[in-house]
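Structure first, then comments.
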Amino acid sequence: MGKAMSEHNQKQDNIPQGTMPAGEKLSAADFVGALDVAAILFDTSGRMLATNDALASLFGIGKGLMMGGFFDHYIHCPKEYQCNVPAYLKDHLHANPNQWQQPVIASQKSGERFALQFTVSQFLGNILVMFQNIEAHVKESQAVKDELAEYQNTSKAKSHFLHHMSQELRLSINLLMNVVGETIDSAGVPIQLEDDLNRAFNAGRDLQKSIGEMMDYTQMESDKLEFREITFNFRMVLDDVVDRYLPIAHKHNLELATLVSPYVPETVVGDPDRFHQVLQSLLSNAFKYTSEGGVTVRASCDVESDTTATIQIEVMDTGSGISESRCQDIGRAFSTPGGHLSGRFGGMGVGLAICKDLVDRMDGKVTLRSTDGVGTTFKLMLVMPKGEVYASDHCNLANKKMLLVNDAVDDREHLQRYASEWHIKTEVTGSVGHAVSMLNTASRENAGFDFVMIDLHKAYGEGLALAKKINNSTELGHLKVVLLAADRDGLNQTLASDSGVDVFIIKPIRKHLVYDALTIALGRQSDVHHQIVTNNTVKSVKDHQTYRALLVEDNEVNQIIAKGALKRLGISTDVTNNGEEAIDAIQDKHYDVVLMDCEMPIMDGFEATRLIRQWEKTQDRHVPIIALTANESTECQKSCLEAGMDDFMQKPFRADELETILSRLPKNHFIS
């Protein structure tokens with residue numbers, strides 16, 4: 001309302017209330033007539049006592065003709081308010097305080113309609129209503145809304161087109177990469193051709209990453225980016241991302257370290273794929289601008305309650321860094337692709353812009369600290385609900401006794417905490433001489449150890465010498481020896497066998513790898529040594545069965561891509577074309593996992609899964625079923641879970657995404 005209305009409201013607040021005496025009617029009329037905004041003084045029955053020239057001009061009527069009458073002709077009221085305009089206006093204002101969005105529509109004498117803003121107040125026992133024509137403002141506001149809606153519709157149409165094109169490009173690139181990958185794996189490929197094919201395969205991965213970013217960006221623009229809320233193993237997802245950069249670190253002679261506080265919860269609730277994407281973006285940036293030194297990923301839990309954990313993750317590099325002045329602009333650069341990110345971070349900076357948006361949507365915070373020429377640290381902070389603690393499957397290691405020979409405090413603390421969780425009795429030493437003395441003393445006292453874990457950073461050769469001494473000893477030869485090695489190239493099978501090492505782990509240390517190494521060593525015959533354990537090989541070490549998958553997919557191109565990806569994971573595959581065929585296959589053979597397309601002819605994946613789950617109740621079994629779908633909506637994901645599926649992944653098929661999903665399945669179902 002205009003300034004005049006505000007001023008006159010203040011004036012009338014100081015006027016004493018009460019019934020207007022006859023002698024004061026003239027002064028009231030003079031007061032209303034002096035107002036420079038349109039006004040009417042009503043009595044309590046709704047009759048007009050006084051008006052002014054501004055009102056006559058606003059409605060196009062004569063001032064004298066309205067005295068003593070009602071105002072229904074110009075402000076149309078519902079039947080229950082007939083002949084009582086002020087009562088209607090008062091109730092309307094109470095129900096619709098924002099008059100710009102819900103204005104009263106009035107009519108001039110000519111019949112022209114317009115939007116009206118008004119105030120209603122008590123004045124000497126009567127009702128004073130002041131009016132203002134806001135038609136121009138309402139039309140202007142509506143025009144802005146129409147322009148905004150048109151822009152949003154155009155933006156959504158463009159985003160939908162780009163998303164569709166990205167799907168098509170991704171499908172074609174995956175098919176090409178499948179062919180290139182199979183050619184690389186085939187025997188007899190010339191070295192020069194293999195190098196060219198590897199470059200082509202890496203270029204395909206870069207294209208996949210760019211297309212994935214483009215798809216995410218279009219989803220953000222159209223506000224269709226959605227997040228899952230599932231329980232996942234935080235440490236395994238973190239390890240999986242870091243492990244992908246080990247070949248890059250090794251190739252460029254860079255160090256890659258992971259430091260995870262033992263207080264970080266093992267399971268949390270959230271979207272593991274989005275968390276994976278954020279961390280991968282930060283690591284990718286770190287390696288892109290680090291030519292010497294290395295990259296460190298540190299995870300800690302700063303605050304923990306019964307239900308949530310505040311997890312802080314730092315990605316630190318010794319790369320080129322950026323100046324302090326540019327650090328101050330990083331907030332704006334993060335929120336807008338391009339800008340200041342294009343210089344230090346290369347290209348359009350879309351990956352980091354998406355990273356910032358994802359963290360914001362996860363109610364987290366990402367900050368930057370950097371020194372020009374020294375390095376950069378990205379700090380990610382997330383408050384995550386704590387997940388359900390899975391039932392322990394470490395009973396076969398309980399009450400075993402281990403000697404840990406380790407000269408690095410940080411690694412020692414991690415390994416001791418793992419052993420404690422598995423109920424392993426552990427003694428620790430940092431030197432080879434003391435280790436031999438402890439082993440001999442325990443043997444004489446009939447309190448011997450079951451296995452020895454050796455991790456000597458400063459004296460790598462002494463670790464092998466200790467293993468050899470244990471193997472050659474009559475009293476100690478029965479001990480199982482596990483060796484942690486920083487690089488497989490420095491420890492081959494012959495050297496391991498000659499030294500008496502039963503199992504050795506290629507660093508970085510992973511909790512599940514340590515557990516697997518101990519169980520493998522414990523189950524081996526005394527004359528079998530030199531088993532190498534890595535994140536990839538441990539799956540085939542624990543037993544010798546061949547994992548078999550059932551692919552339920554009606555599209556031939558998708559079948560080719562999926563079969564190629566499964567083959568690279570070492571999984572043999574049977575294929576069916578619809579849900580009915582899948583049910584027959586599952587009842588006829590044992591499968592370790594089923595990859596189920598959701599939309600198929602004859603019988604779709606939802607119905608097939610429901611029928612499979614019903615049949616399994618009579619068989620006392622459960623085969624993991626992973627949905628394959630191009631629909632990323634929360635509704636689709638909910639439908640998958642309600643049908644009985646265990647997880648879901650987006651088409652087109654990618655081996656790395658499947659491997660991440662398989663790692664989340666319980667150990668007794670599939671790959672741990």
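The values are calculated or read from the model by the stated rules, or taken from the named source; none is laboratory data. Note that the coordinates shown come from a computational prediction; the quantities given were computed from them, not determined experimentally. Heads up, the Cβs are rebuilt from the backbone with ideal geometry, glycines too, and the neighbour counts pull from every protein chain shown. Protein only, heavy atoms only, side chains kept; ligands, DNA and RNA dropped before computing areas. Shrake-Rupley method; radii C 1.70, N 1.55, O 1.52, S 1.80 Å.
How many of the residues in the range 217-238 are part of a helix (DSSP H, G or I) and at pLDDT 70 or above?
5
Inside the range 583-607, can you point out the residues that are within 18 Å of LYS638 (Cβ to Cβ) and among the small types (Gly, Ala, Ser)?
Within the range 583-607, just GLY605 meets the criteria.
Kindly indicate whether any position in the range 52-65 is modelled with pLDDT under 85, in a helix (DSSP H, G or I) and not polar (S, T, N, Q).
Yes, the conditions are met somewhere in the range 52-65.
Hey, does the range 535-542 have a residue that's under 21 Å from PRO601 (Cα atoms) and either in a helix (DSSP H, G or I) or modelled with pLDDT of 75 or more (or both)?
no
Which ones in the range 394-429 are open to solvent by 40 Å² or more (accessible area, probe 1.4 Å) and part of a loop (DSSP other than H, G, I, E, B)?
Those that are open to solvent by 40 Å² or more (accessible area, probe 1.4 Å) and part of a loop (DSSP other than H, G, I, E, B): ASN399, LYS400, HIS423.
Somewhere in the range 628-641, is a residue farther than 21 Å from PHE232 by Cα, in a loop (DSSP other than H, G, I, E, B) and modelled with pLDDT of 85 or more?
There is no residue in the range 628-641 that is farther than 21 Å from PHE232 by Cα, in a loop (DSSP other than H, G, I, E, B) and modelled with pLDDT of 85 or more.
Looking only at the range 317-327, filter to residues that are buried (at least 19 other Cβ atoms within 10 Å of the Cβ) and of a type outside the set (Val, Ile, Thr); which one of those is modelled with the highest pLDDT?
Filtering first and then ranking leaves ASP317.
Among the residues of the range 356-383, which ones are aliphatic (A, V, I, L, M) and either open to solvent by 20 Å² or more (accessible area, probe 1.4 Å) or modelled with pLDDT of 85 or more (or both)?
Within the range 356-383, VAL359, MET362, VAL366, LEU368, VAL374, LEU380, MET381, LEU382, VAL383 meet the criteria.
Out of the residues in the range 487-514 meeting the condition of being closer than 17 Å to LEU415 by Cβ, out of contact with any strand residue (DSSP E or B) (no Cβ under 8 Å at 6 or more places or on another chain) and open to solvent by 20 Å² or more (accessible area, probe 1.4 Å), tell me which one is modelled with the lowest pLDDT.
HIS512
Is one or more of the residues making up the range 591-610 within 30 Å of MET215 (Cα to Cα), open to solvent by 60 Å² or more (accessible area, probe 1.4 Å), assigned to a helix (DSSP H, G or I) and among the charged types (D, E, K, R)?
Yes, the conditions are met somewhere in the range 591-610.
Please work out if LYS79 is of a type outside the set (Gly, Ala, Ser) and exposed (fewer than 12 other Cβ atoms within 10 Å of the Cβ).
Yes, satisfied.
Have a look at VAL264, VAL303, VAL241 and point out the one that is at pLDDT below 90, open to solvent by less than 20 Å² (accessible area, probe 1.4 Å) and outside any helix (DSSP H, G or I).
VAL264
Would a scan of the range 155-173 turn up a residue that is touching a residue at least 60 places away in the same chain (Cβ under 8 Å), open to solvent by 40 Å² or more (accessible area, probe 1.4 Å) and either touching a Gly at 6+ places or on another chain (Cβ under 6 Å) or hydrophobic (A, V, I, L, M, F, W, C) (or both)?
Yes, because at least one residue in the range 155-173 is touching a residue at least 60 places away in the same chain (Cβ under 8 Å), open to solvent by 40 Å² or more (accessible area, probe 1.4 Å) and either touching a Gly at 6+ places or on another chain (Cβ under 6 Å) or hydrophobic (A, V, I, L, M, F, W, C) (or both).
Only residues that are within 13 Å of MET130 (Cα to Cα) and open to solvent by less than 10 Å² (accessible area, probe 1.4 Å): list them for the range 36-47, please.
ALA38, ALA39, ILE40, LEU41, PHE42
Kindly indicate the residue of the range 267-283 that is closer than 25 Å to GLY321 by Cβ and open to solvent by 20 Å² or more (accessible area, probe 1.4 Å) and also modelled with the highest pLDDT among those meeting that condition.
Ranking the qualifying residues of the range 267-283, first place goes to GLN280.
Condition first: open to solvent by less than 90 Å² (accessible area, probe 1.4 Å) and either touching a Gly at 6+ places or on another chain (Cβ under 9 Å) or assigned to a strand (DSSP E or B) (or both). Now tell me which residues in the range 105-121 satisfy that.
Those that are open to solvent by less than 90 Å² (accessible area, probe 1.4 Å) and either touching a Gly at 6+ places or on another chain (Cβ under 9 Å) or assigned to a strand (DSSP E or B) (or both): ILE105, ALA106, SER107, GLN108, PHE114, ALA115, LEU116, GLN117, PHE118, THR119, VAL120, SER121.
Failed condition for GLN102, given (1) touching a Phe, Trp or Tyr at 6+ places or on another chain (Cβ under 7 Å); (2) among the polar types (S, T, N, Q); (3) open to solvent by 70 Å² or more (accessible area, probe 1.4 Å), with all others met?
Of everything listed in (1) touching a Phe, Trp or Tyr at 6+ places or on another chain (Cβ under 7 Å); (2) among the polar types (S, T, N, Q); (3) open to solvent by 70 Å² or more (accessible area, probe 1.4 Å), GLN102 misses just condition (1).
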